Amino acid sequence: MKTLPLFSIVLPVYNVEDYLRRCISILLNESFTDYEIILVDDGSTDSCAKICDEYATKYEKIYVLHKKNGGLSSARNAGFEMAKGEYIFWLDSDDYIVKGALKKMANAVKENLVDILKFNYIVQPENVLVHSSLNPGLYEGDKIREQVLPLAFNNIGGFTMSIWSHIYKKEFVESNNLRFISEREVGSEDYLFNLQAFLKASCVYVLEEALYNYEVRIGSLSNRYRPNLIEQYQKLYLQMKNILIEKGCVGSIYRQLDHFYVWNCYYVLWVNEMRVSEKHSQQDGYQNIKKVLKQKEFLDALKTISLKKENAVRHVIYLLMKMKFTYGIILMLKVSRKS
């Protein structure tokens, strides 16, 4: 009788023909073999569909789903429905794991029986190690709300909420009906998914090791201008507020969400607005930043955030935002991007 695999590794695939073979081959070369790979071809228009079929024909542990393009979230959800493993690892197909990563993940989940496993990563091609601001170790019960979520909201950049830096127990995801809302609706589906996951988890384990290589590439979703991102993040913020209210989190975590929104406006939305494309000029970006500075949700959040633990630069940025000094904000963004 065939036993179910420990890991289901779900790879959403869309027009990544230059990276897909690397991602799959590195998985196949691991000494740890108790896994299945689910390739979700999300309507690729390059050679990805052919590559997926090639691997599925050659390896019994690789499965393929070809579907109409629906975006990253829909591909992740479709892959989850096919998964048979005890744990789910949503791996972006233009990235790749560190050698020996699967074995280290397996040891961690077997020893701790966690709902969520979190690990560090390396930014490629610069080979920059990114350490989480969350200390390694086990977090259970109230510690998740008291220590994990506050860092997620207060330390943007130091605490990644990206799905690919975690693995999840399948039964936990299924029993809590956790699914991805389209990134085309909320801009960052990972934030929404992980907020719900951390609120519902009984056990989270954080590994010290960096097990994932995150590839920064020109043309990827995170590095090109994304229209409507301001409206999407506004919707994301409101949905996250509603989730916290439903869970009775109306104290410090609720206020920390305002901190999260304000600084995501600066580091994500306005950085996005500085990108120039055929349909988006620098003047367009300037006008969009001005709109956010007048947005009710942004102004309400700006009133509540604390600057007690912030550095001098953040104090300057805060004053510029409060004064609605758009040119000053753009200057600060340009300086920070060069440094």
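Residues checked against (1) assigned by TED's automatic domain parsing to the domain that holds Pro136; (2) closer than 25 Å to Glu209 by Cβ; (3) over 21 Å from the mean Cα position of the chain (by Cα); (4) of a type in the set (Phe, Trp, Tyr):
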{"position": "Tyr35", "(1), (2), (3), (4)": "yes, yes, yes, yes"}
{"position": "Ser44", "(1), (2), (3), (4)": "yes, no, yes, no"}
{"position": "Ser47", "(1), (2), (3), (4)": "yes, no, yes, no"}
{"position": "Leu72", "(1), (2), (3), (4)": "yes, no, no, no"}
{"position": "Arg76", "(1), (2), (3), (4)": "yes, yes, no, no"}
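When region 4-28 is filtered for residues that are more than 16 Å from Ala106 (Cα to Cα) and either in a loop (DSSP other than H, G, I, E, B) or among the acidic types (Asp, Glu) (or both), the ones remaining, listed by number, are Tyr14, Asn15, Val16, Glu17, Asp18, Tyr19. For region 63-96, residues that are surrounded by 22 or more Cβ atoms within 10 Å (Cβ to Cβ) and among the β-branched types (Val, Ile, Thr) total 1. Counting only helices (runs of 4 or more DSSP H) that sit wholly inside region 160-256, those with at least 1 residues that are assigned by TED's automatic domain parsing to the domain that holds Ala106 and of a type outside the set (Gly, Ala, Ser) are 170-175, 183-186, 189-200. Of everything in region 56-86, what is of a type in the set (Ser, Thr, Tyr) and outside any loop (DSSP other than H, G, I, E, B)? Give them in sequence order. Scanning region 56-86 gives Thr57, Tyr63, Ser73, Ser74.
Residue selection: Leu319 satisfies the criterion of being assigned to a helix (DSSP H, G or I), assigned by TED's automatic domain parsing to the domain that holds Ser252, without any contact (Cβ under 8 Å) to a residue 12 or more places away in the chain and farther than 22 Å from Tyr225 by Cβ.
The values are calculated or read from the model by the stated rules, or taken from the named source; none is laboratory data. Keep in mind it's a predicted model, so treat the numbers as computed, not measured. Ideal geometry is used to build each Cβ from the backbone, glycine not excepted, and the neighbour counts take in all protein chains shown.
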